[in-house]
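Notes follow once the structure below has been shown.
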Protein chains: 2
Amino acid sequence: MKKFINDAVNVVPEALRGLGLAHREILSVHERPAFVARAPLAKDKVALVSGGGSGHEPLHAGFVGYGMLDAACPGQVFTSPTPDQISAAAAIVENGRGVLFVVKNYSGDVMNFEMAAEMATGPTATVLVQDDVAVESSTYSTSRRGVAGTLVVEKIVGAAAEAGADLAACAALGERVARACASMGVALTSCTVPAAGKPTFTLSESEMELGVGIHGEPGRRRVATRPADAVAAELVDAILHDLAPRKGEPLLLFLNGFGGTPLLELYLMFDAAARRLAAGGLTIARSLVGNFVTSLEMAGCSVTLARLDEEMLRLWDAPVHTAALRWGR
Amino acid sequence: MKKFINDAVNVVPEALRGLGLAHREILSVHERPAFVARAPLAKDKVALVSGGGSGHEPLHAGFVGYGMLDAACPGQVFTSPTPDQISAAAAIVENGRGVLFVVKNYSGDVMNFEMAAEMATGPTATVLVQDDVAVESSTYSTSRRGVAGTLVVEKIVGAAAEAGADLAACAALGERVARACASMGVALTSCTVPAAGKPTFTLSESEMELGVGIHGEPGRRRVATRPADAVAAELVDAILHDLAPRKGEPLLLFLNGFGGTPLLELYLMFDAAARRLAAGGLTIARSLVGNFVTSLEMAGCSVTLARLDEEMLRLWDAPVHTAALRWGR
């Protein structure tokens, strides 16, 4: 294992310290329990709190800031945050309008966010994201996994909360956005959790894992490597089969890298996915390309499509000012 | 070689097509010869044109837009753009105030930008970036290589050009910023140029290349893997030896990933570099962390320090709106 670390035990706290130093104008890092909150704290709005295992950066801490999250709770690498992290973060950012938890569908995350919700003194609601169409249940999840669609939920609901929507409206919108997103990924290589010291799984030089999870969980099937156009077609077709968008409906196409794939290839895959959509008469209204929901240094990528109605389009375009996503302000 | 490509010959044009589709509101992609220009074109300002081999994305095309470049000319992977690409781009974006070329110091780039300057009908000037302190000459360069400091030059001079500075002032500022930047990188793995099909160099599981170039050129020395703090100290100390900043002087600390290193590790390295600077009584006034000047999927990173005077600080903070760098607007 070759990594820029000092000690596998301290990877997450040391990285959080760096995040805090680099983005003092946006966020502050709290220790014991560890969470990242907006700086300064927002007032008079529903507080959005998310979190999950580390190793998926910039998700979630990179999305803390104006127009998106109020706090993020990072667990150890690929390990759920604890209920006390989540409840401490919620207590700090809650400002009288309630707390909305955005949770990716993994058993540990679901359980620990539930416990944090029970510990909360004010009103809370939860949006569960389960956008991964690859498999119907998986190593760490009952029913579908939550993956890159989580960014879309956090951006759109974050904009609504910023604009003053109440807790019930934010929760209802979050459910709608979560259902409007579908994703599927593919891995060319595994990744290595620092504390494990060896790759999570193995792939030969001639194999790829279609439908891989963001922790390296198995996907639909292991296949021989193939051209980018064929990979993009398989991902797009699986998503379209599930999402069934109408012709002319505005779609967000989000081409997400898993951390170890060059941007050059992500743009090439975006082109391939866009051509597949165009061949089906479908319309790309918004685009996003980059490493946003990652799996450490895994070489791979995912495609997310979101069916955006008028309200969602407007909220997607609304200003956002975070470490990893910034526009319009 | 496992990559998301269709054919090694078409990687760059296909990726450019994806870039153009994803960022229609910022740039347009021209074919034959290939270059990327702002859309719409800017008026009444010095036109900034850069370029170089592909494989370093988002450099340079990701920096085309308001407040930064007017055009970028991408060569094949790790191959200089041709003079006709550069002169075609310059002719399109030139708008009466002259053209400033920002060139990384590699022999092919220098020669081809010189030929393009000779072909230009209007006034041109050139800023040569050679911020890599690792080695005094290298595989593709006489004297120092140009690396991540190029981003700093493009951002600051881009802001000056946007504010109306004339060609001579932009060129003089560019020289000052280029001299104010120093960088050094380290590789944990090699990278594979698609057309070559095999890694550019090899490193064992227990080695790192200190001072590596962004094309995988040899650095200062190959060393045994060591903790992040020791790596950061070696990079920072080499840079400080060269740059000799004064205590209290405002510094930009730019922790750049080479493409295959997780953001988690980049933030950890930022923390390590920041602690090394603090130990020397030095002040970080501005920060940047991420994969901006990459070497395909190389695992590795570089540290860039820039001594920013008042004017440079103001121009660094000025609004920028490109695919890869966006703030303040």
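General remarks:
- Relative to the other identical copies, A:GLY122 shows label-point distances of 5.6 nm, where the label point lies 7 Å from Cα along the Cβ direction and values run shortest first.
- Residues whose amide H lies under 5 Å from that of B:GLN76, counting only those 5 or more places away or on a different chain, are B:SER54; hydrogens are built 1.01 Å from N in the peptide plane.
- Cα-based shape type of chain B, given that a ≥ b ≥ c are square roots of the gyration tensor eigenvalues and the cut on a/c is 1.5: oblate
- For the protein assembly as shown, the share of accessible area belonging to carbon and sulfur comes to 54 percent (1.4 Å probe, ligands and nucleic acids excluded).
- Look at the alpha carbon pairs under 8 Å that are at least 6 residues apart: their mean separation over the length of the stretch B:66-165 gives a relative contact order of 30 percent.
- Interface burial in the stretch B:1-31, defined as at least 50 Å² less accessible area with all protein chains than with the chain alone at a 1.4 Å probe, covers B:LYS2, B:PHE4, B:ASN6, B:ALA15, B:LEU21, B:ALA22.
- Part-to-part distance (alpha-carbon centres) for the stretch A:1-28 and the stretch B:180-217, which is given in Å: 24
- Charge dipole (chain A, unit charges on Cβ, about Cα centre) - positive-most of A:PRO262, A:LEU16, A:SER137: A:PRO262
- Helical segments meeting 27 Å axial Cα length and Kyte-Doolittle 1.6 threshold in chain B (DSSP H): none
- Helical mean residue ellipticity (222 nm; -39500 (n - 2.57) per DSSP H run of 4+; nearest 500) of chain A: -10000 deg cm²/dmol
- Dipole size of chain B about its Cα centre, with +1 on Lys/Arg Cβ and -1 on Asp/Glu Cβ: approximately 360 debye, rounded to the nearest 20.
- Here the protein assembly as shown is assigned +1 on the Cβ of each Lys and Arg and -1 on the Cβ of each Asp and Glu. Its dipole about the Cα centre then comes out at about 180 debye.
- Rounded if a/c under 1.5, otherwise prolate or oblate - the stretch A:11-180, Cα gyration tensor axes: rounded
- Rounded, prolate or oblate (a/c below 1.5 giving rounded, otherwise prolate when a/b exceeds b/c) for the protein assembly as shown by Cα gyration tensor: rounded
- For chain B, the solvent-accessible area works out to 34 Å² per residue, with a probe of 1.4 Å and every protein chain left in place.
- When the trypsin sites (Lys or Arg not before Pro) in the stretch A:1-93 are filtered for DSSP coil states and for at most 15 other beta-carbon atoms within 10 Å of their beta-carbon, the remaining sites are A:ARG24, A:LYS43.
- Whichever lysines have a C-alpha closer than 17 Å to that of B:LYS198, once near sequence neighbours (fewer than 8 apart) are set aside: B:LYS2, B:LYS3
- Burial annotation for the stretch B:270-310: residues with an accessible-area loss of at least 50 Å² between the isolated chain and the complete set of protein chains, computed on heavy atoms with a 1.4 Å probe, are B:ASP271.
- When the accessible areas of A alone and B alone are added and the area of the pair subtracted, with a 1.4 Å probe, the result is around 4800 Å², both sides summed.
- When A:ALA196 is represented by a point 7 angstrom out along its Cα-to-C-beta vector, the spacings to that point in the other copies are 3.1 nm, nearest first.
- Counting only residues at least eight positions apart within a chain, or on another chain, the aspartates and glutamates with an alpha carbon under 14 Å from that of B:LYS45 are B:ASP70, B:GLU94, B:GLU162, B:ASP166.
- Measuring gaps between exposed loop sites in chain A (GluC sites (Glu not before Pro); DSSP loop; at most 15 other Cβ atoms within 10 Å), the longest gap, sites not included, is A:206-329.
- Residues listed by number, the stretch B:224-259, amide nitrogen under 13 Å from B:ALA279 label point at 7 Å toward C-beta: B:227-238
The values are calculated or read from the model by the stated rules, or taken from the named source; none is laboratory data. From a predicted model like this one, the values you see are computed outputs, not experimental measurements. For neighbour counting, all protein chains shown are included, and Cβ atoms are generated from backbone atoms with ideal geometry for every residue, glycine included. Just the protein is used for accessible areas: all its heavy atoms, side chains included, with ligands, DNA and RNA removed. Shrake-Rupley method; radii C 1.70, N 1.55, O 1.52, S 1.80 Å.
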